[in-house]
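Please read the structure below before turning to the comments.
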Amino acid sequence: MKTVVMPVGGGIVANTYGLAAGLLFRGIRLVQCPTSFLNAHDAAASSQKQAINHTGYKNIVGLYHVPTMALIDTSFYETLGVTELKAGLGELTKNAALFG
């Protein structure tokens, strides 16, 4: 199958479309295009889990579906505020500690 799901956006967009990609036809190719600093580090290092929140529970509906690749355009970061950049640095630090 040549179909590819390619979400462009932050974490909610990535997780929603990642879940859909994992469910469609028992899994189709997923190419993540994160636009937030936090999601870029999540998509590049540890985004095997595709999950969404439901009925007040975090990540209660989900599956494991590894992206084929992550396309990261750093020009999106120019519009981010300090809070978003700090969140991304936190994710970067966590991934460095966990994955080396």
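Going by what's in this entry, would Leu30 be described as in a strand (DSSP E or B), surrounded by 15 or more Cβ atoms within 10 Å (Cβ to Cβ) and touching a helix residue (DSSP H, G or I) at 6+ places or on another chain (Cβ under 9 Å)?
It is true that Leu30 is in a strand (DSSP E or B), surrounded by 15 or more Cβ atoms within 10 Å (Cβ to Cβ) and touching a helix residue (DSSP H, G or I) at 6+ places or on another chain (Cβ under 9 Å).
Looking for something surrounded by fewer than 14 Cβ atoms within 10 Å (Cβ to Cβ) and at pLDDT 95 or above - is there at least one such residue anywhere in the stretch 87-97?
Checked against the condition, which is being surrounded by fewer than 14 Cβ atoms within 10 Å (Cβ to Cβ) and at pLDDT 95 or above, the stretch 87-97 yields no hits at all.
Name the residues in the stretch 2-18 that are within 13 Å of the chain's Cα centre (by Cα) and either surrounded by fewer than 20 Cβ atoms within 10 Å (Cβ to Cβ) or among the aromatic types (Phe, Trp, Tyr) (or both), would you?
Val5, Met6, Val8, Gly9, Gly10, Gly11, Ile12, Val13, Thr16, Tyr17
Select from the stretch 65-100 the residues that are within 23 Å of Met6 (Cα to Cα) and in a loop (DSSP other than H, G, I, E, B) and write down the one among them that is farthest from the chain's Cα centre (by Cα).
Among them, the one singled out is Leu80.
Consider Val31 carefully, then state whether it is more than 15 Å from the chain's Cα centre (by Cα), hydrophobic (A, V, I, L, M, F, W, C) and at pLDDT 90 or above.
Considered against the rule, which asks whether it is more than 15 Å from the chain's Cα centre (by Cα), hydrophobic (A, V, I, L, M, F, W, C) and at pLDDT 90 or above, Val31 comes out as no.
Answer with yes or no whether Ala20 is part of a helix (DSSP H, G or I), out of contact with any His (no Cβ under 6 Å at 6 or more places or on another chain) and not hydroxyl-bearing (Ser, Thr, Tyr).
yes
Among the residues of the stretch 45-64, are any modelled with pLDDT of 90 or more, of a type in the set (S, T, N, Q) and part of a helix (DSSP H, G or I)?
No - not one qualifying residue is present in the stretch 45-64.
For residues that are in contact (Cβ under 8 Å) with a residue 24 or more places away in the chain and out of contact with any Leu (no Cβ under 9 Å at 6 or more places or on another chain), tally how many sit in the stretch 15-26.
3
Got a number for residues in the stretch 39-86 being of a type in the set (Gly, Ala, Ser), surrounded by 11 or more Cβ atoms within 10 Å (Cβ to Cβ) and out of contact with any Gly (no Cβ under 6 Å at 6 or more places or on another chain)?
Residues that pass the stated criteria total 8.
The values are calculated or read from the model by the stated rules, or taken from the named source; none is laboratory data. All figures in this text were calculated on a predicted structure; none of them were measured in a lab. Cβ sites come from the backbone with ideal geometry, for glycine too, and all protein chains shown count toward neighbours.
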